[in-house]
1. Within the stretch 37-45, is there a residue that is farther than 22 Å from S101 by Cβ and of a type outside the set (D, E)?
2. Is it true that L102 is touching a Lys or Arg at 6+ places or on another chain (Cβ under 9 Å), modelled with pLDDT of 95 or more and not β-branched (V, I, T)?
3. Has the stretch 53-61 got any residue that is within 16 Å of H95 (Cα to Cα) and in contact with a strand residue (DSSP E or B) (Cβ under 6 Å, 6 or more places away or on another chain)?
4. Looking at (1) surrounded by 13 or more Cβ atoms within 10 Å (Cβ to Cβ); (2) over 27 Å from N3 (Cα atoms), which is the only condition G71 fails?
5. Assuming I53 fulfils every condition listed in (1) of a type in the set (V, I, T); (2) under 17 Å from G25 (Cβ atoms); (3) surrounded by fewer than 18 Cβ atoms within 10 Å (Cβ to Cβ); (4) modelled with pLDDT of 95 or more apart from one, which condition is it?
6. In the stretch 36-68, what residues are within 21 Å of G4 (Cβ to Cβ), within 13 Å of the chain's Cα centre (by Cα) and aliphatic (A, V, I, L, M)?
7. Tally time: how many residues in the stretch 14-50 are modelled with pLDDT of 95 or more, basic (K, R) and surrounded by 15 or more Cβ atoms within 10 Å (Cβ to Cβ)?
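The values are calculated or read from the model by the stated rules, or taken from the named source; none is laboratory data. Here the structure is a predicted model, which means the values were calculated and not measured. Don't worry about glycine lacking a Cβ; one is built from the backbone with ideal geometry, like all the others, and counts go over all protein chains shown.
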Amino acid sequence: MSNGKQIADTILAQLGGHKFIVMTGAKNMMYAEAGLHFKIGSGTLNKATHCHIDLDQATDLYTVKFFRVRGTKCATLLEQDRVPAEALREMFTQHTGFQTSLGTCGK
């Protein structure tokens, strides 16, 4: 069984690694027991400020959550279960409006 940091590193790599961080303004990366949590740059379509991605190790699928955090209030804007790794980038772009790498611009 992988530890949380290995899982978080894998999720970040699947999202696009450093290019993802640059293109989306993602920061404050934190790893969880089986996932990755980070703050999103401003200007998202759904007004999300944070994203949390958890791995279900039994199915090898992800749960993706987008949140809006203002002060002490946190609202879940979207939660989608059973997301395959190959769909993470497209889902992120679809729900935030941010491209995840230079190679996806203009599509």
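1. Within the stretch 37-45 (the criterion being farther than 22 Å from S101 by Cβ and of a type outside the set (D, E)), the answer is no, since none of the residues qualifies.
2. No; evaluated as a whole, the condition is false for this residue.
3. Yes, some residue in the stretch 53-61 is within 16 Å of H95 (Cα to Cα) and in contact with a strand residue (DSSP E or B) (Cβ under 6 Å, 6 or more places away or on another chain).
4. For G71, the exception is condition (1).
5. Tallying (1) of a type in the set (V, I, T); (2) under 17 Å from G25 (Cβ atoms); (3) surrounded by fewer than 18 Cβ atoms within 10 Å (Cβ to Cβ); (4) modelled with pLDDT of 95 or more, I53 fails exactly one: (3).
6. The first filter runs over the stretch 36-68 and keeps only residues within 21 Å of G4 (Cβ to Cβ), leaving 36-40, 50-67.
Within this subset, residues satisfying the condition of being within 13 Å of the chain's Cα centre (by Cα) are 36-40, 50-55, 62-67.
Matches in the stretch 36-68: L36, I40, I53, L55, V64.
7. 1
Yes/no per residue for (1) in contact (Cβ under 8 Å) with a residue 60 or more places away in the chain; (2) in contact with a helix residue (DSSP H, G or I) (Cβ under 8 Å, 6 or more places away or on another chain); (3) under 22 Å from K19 (Cα atoms):
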| site | (1), (2), (3) |
| --- | --- |
| D60 | no, yes, no |
| R70 | no, no, no |
| C74 | no, no, no |
| L78 | no, yes, no |
| D81 | no, no, no |
| L88 | yes, yes, yes |
| Q94 | no, no, yes |
